[in-house]
Amino acid sequence: MTSILDPFIEFVSAHAWLAYLTLFLAALLEAVPVVGSVVPGSTIILALSALIPGGELRLQWVLLAAALGAVLGDGSAYWIGHKQQREILSTWPLTNYPRVVEESETFFRRFGTWAVFLARFVPPIRAFVPVTAGALGMAPSRFYAVNIPAILVWAPAHVLPGVLAVSALHEYAGLPHHEHVGKHIWMFTVVGVAIIVGLAIWAIRRRHGSGVATAKPRG
């Protein structure tokens, strides 16, 4: 079992740029409406963060890759909504998710500007609120004034748990940073947690989308 992750760890060590690109794309795609419902971006970020304490990846570059991906993803969704206004909310593929679109609009109307900040931490509507904010006429300056601080909180919130879990195993379990056995133990631990988090998010999304299949598309 201790050799299962050897090829993966060695590959990441030799191609760290590819891991950073994966983090960037995971954060970006998770912010895209509909696509974000199936891409396990948070799980990927949490799992790869387990490689930071061992030196395979750098904390600052992991945070930067995740943050830039989220900014680009949220920003792209916002500008599409801003350009097409309410029409985008009744256009395919959003018409296949009427319940989530309605929840996002209700969430935005309830919390106003703060909806953009809070939605970053609510998986079912995270990918839908930026486009909704644009469609409902939120000014770009107001959007970015809230969105960027939200992402600056969101990125560490997804990266640091993996780093802290791994560091705690090194500190309190006496696992050396560069021993393969120790490394695999914490890798399995963090990946296991990432899988659990991913399943929880999937369950929440499935519950919120349970009415989608039977609901008739808008328009």
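The values are calculated or read from the model by the stated rules, or taken from the named source; none is laboratory data. Since the model is a prediction, treat every value here as computed from it, not as a measurement. Heads up, the Cβs are rebuilt from the backbone with ideal geometry, glycines too, and the neighbour counts pull from every protein chain shown.
Within region 87-125, the set of residues being in a loop (DSSP other than H, G, I, E, B), within 17 Å of VAL35 (Cα to Cα) and of a type outside the set (A, V, I, L, M, F, W, C) comprises THR91, PRO93, TYR97, ARG120.
Report the residue count in region 154-193 for those that are closer than 20 Å to PHE107 by Cβ and either modelled with pLDDT of 95 or more or of a type in the set (Phe, Trp, Tyr) (or both). Can you show your working first?
Here is the first cut: in region 154-193, the residues closer than 20 Å to PHE107 by Cβ are 154, 157.
Those still in the list that are either modelled with pLDDT of 95 or more or of a type in the set (Phe, Trp, Tyr) (or both) too: 154.
Residues in region 154-193 being closer than 20 Å to PHE107 by Cβ and either modelled with pLDDT of 95 or more or of a type in the set (Phe, Trp, Tyr) (or both): 1 in total.
Any residue that is surrounded by 18 or more Cβ atoms within 10 Å (Cβ to Cβ), touching a Leu at 6+ places or on another chain (Cβ under 7 Å) and in a helix (DSSP H, G or I) - is there at least one of those in region 139-153? No, because not a single residue in region 139-153 is surrounded by 18 or more Cβ atoms within 10 Å (Cβ to Cβ), touching a Leu at 6+ places or on another chain (Cβ under 7 Å) and in a helix (DSSP H, G or I).
Listed by first and then second residue, the pairs linking a residue in region 139-164 that is farther than 18 Å from ILE80 by Cα to a residue that is outside any helix (DSSP H, G or I) and aliphatic (A, V, I, L, M), with Cβ atoms under 9 Å apart and 6 or more places separating them unless they lie on different chains, are VAL159/ILE52; GLY162/ILE52; VAL163/ILE52. VAL71: closer than 13 Å to PRO33 by Cβ, hydrophobic (A, V, I, L, M, F, W, C) and part of a helix (DSSP H, G or I), yes or no? The answer is no for VAL71.
For region 1-36, which residues satisfy the criterion of being among the hydroxyl-bearing types (Ser, Thr, Tyr) and at pLDDT 75 or above?
Filtering region 1-36 down to residues among the hydroxyl-bearing types (Ser, Thr, Tyr) leaves 2-3, 13, 20, 22.
Selection gives TYR20, THR22.
Looking only at region 126-134, decide whether some residue is surrounded by fewer than 22 Cβ atoms within 10 Å (Cβ to Cβ), among the hydrophobic types (A, V, I, L, M, F, W, C) and either assigned to a helix (DSSP H, G or I) or modelled with pLDDT of 85 or more (or both). Checking region 126-134: not a single residue is surrounded by fewer than 22 Cβ atoms within 10 Å (Cβ to Cβ), among the hydrophobic types (A, V, I, L, M, F, W, C) and either assigned to a helix (DSSP H, G or I) or modelled with pLDDT of 85 or more (or both).
Does TYR97 satisfy the condition of being closer than 10 Å to THR132 by Cα, surrounded by 20 or more Cβ atoms within 10 Å (Cβ to Cβ), aromatic (Phe, Trp, Tyr) and within 22 Å of the chain's Cα centre (by Cα)? Judged against the criteria, TYR97 is not a match. Scanning region 121-143 for residues that are out of contact with any Lys or Arg (no Cβ under 7 Å at 6 or more places or on another chain) and of a type in the set (D, E, K, R) returns a single hit, ARG142.
Could you list, in sequence order, all residues of region 25-43 that are without any contact (Cβ under 8 Å) to a residue 60 or more places away in the chain and β-branched (Val, Ile, Thr)? Within region 25-43, VAL38, VAL39 meet the criteria. Could you check region 76-103 and list, in sequence order, the residues that are among the polar types (S, T, N, Q) and modelled with pLDDT under 90? Residues satisfying the conditions are GLN84, GLN85, SER90, THR91, THR95, ASN96.
Being more than 30 Å from SER167 (Cβ to Cβ), in contact with a helix residue (DSSP H, G or I) (Cβ under 6 Å, 6 or more places away or on another chain), surrounded by 20 or more Cβ atoms within 10 Å (Cβ to Cβ) and at pLDDT 90 or above, is that true of even one residue in region 56-73? No, region 56-73 contains no residue that is more than 30 Å from SER167 (Cβ to Cβ), in contact with a helix residue (DSSP H, G or I) (Cβ under 6 Å, 6 or more places away or on another chain), surrounded by 20 or more Cβ atoms within 10 Å (Cβ to Cβ) and at pLDDT 90 or above.
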